[in-house]
Amino acid sequence: MVSAKLLAAIVDDDESVRKALARLLRVRGYDVETFADGSEFLEALKTSKPDCVLLDVHMPTVGGLDVQDSLRMGGVHMPIIFMTAHEDNALRERALANGAVAYLRKPLTEQTLLAAIATAVAAKRQS
């Protein structure tokens, strides 16, 4: 369990993925906010500051890499864990080079996801 309530944002256009990840993280003691696309998430940052974000790479309109770019350009430092069902080494390298904590392939295992979140939270605490 997480000792203090940490807020994780889940940004994925697949509702079933959002629900499953939210359920898993809530059971593990996290507070969770979910978003169906990148623009919805970016808008919510005006009032909410998650400790980390689980971000789908491929979404309609504003995809994960676009969100990462917007955060960087806006000076917002937030640990990002990318998730994707499509293997693309160039996108993986770009995401990690631009500061992503992890780049995970769907379907995610609970152990891999929780380890990535622990790394993200530790990175946030160090900054």
> Under a 5 Å amide H to amide H cut-off, with H placed in plane at 1.01 Å, what residues pair with L6 once short-range neighbours are removed?
Replying inline: D31
>> Within a 10 angstrom radius of the beta carbon, how do T34, T47, T109, T119 rank from fewest other beta carbons to most?
In response: T47, T109, T119, T34
> Between the stretch 1-57 and the stretch 93-127, what is the C-alpha centre distance in whole Å?
Replying inline: 14 Å
> Counting other Cβ atoms within 10 Å, which GluC sites (Glu not before Pro) in the stretch 77-127 have at most 11 and lie in a DSSP loop?
Replying inline: E87
> From the residues V32, H77, S127, which one has its Cα farthest along the dipole of the chain in the positive direction, the dipole being from +1 and -1 charges on Cβ of Lys/Arg and Asp/Glu about the Cα centre?
Replying inline: S127
> Among G99, A44, G63, whose Cα lies farthest out toward the positive end of the dipole of the stretch 7-126, if unit charges sit on the beta carbon of Lys, Arg (+1) and Asp, Glu (-1)?
Replying inline: G99
> Given a Förster radius of 22 Å and the C-beta distance between N98 and T47 as r, what FRET efficiency does 1/(1 + (r/R0)^6) yield to the nearest 0.05?
Replying inline: 0.30
>> Tell me whether the chain comes out rounded, prolate or oblate; compute the Cα gyration tensor, take square roots of the eigenvalues as a ≥ b ≥ c, and use a/c under 1.5 as the rounded threshold.
In response: rounded
> Residue separation times 0.36 nm, minus the C-alpha to C-alpha distance between T109 and R72: what's the value?
Replying inline: 10.5 nm
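Bear in mind these aren't lab numbers, they're just calculated from the coordinates by the rules spelled out. Every value quoted in this text rests on a predicted model; they were computed, and no experiment measured them. Don't worry about glycine lacking a Cβ; one is built from the backbone with ideal geometry, like all the others, and counts go over all protein chains shown.
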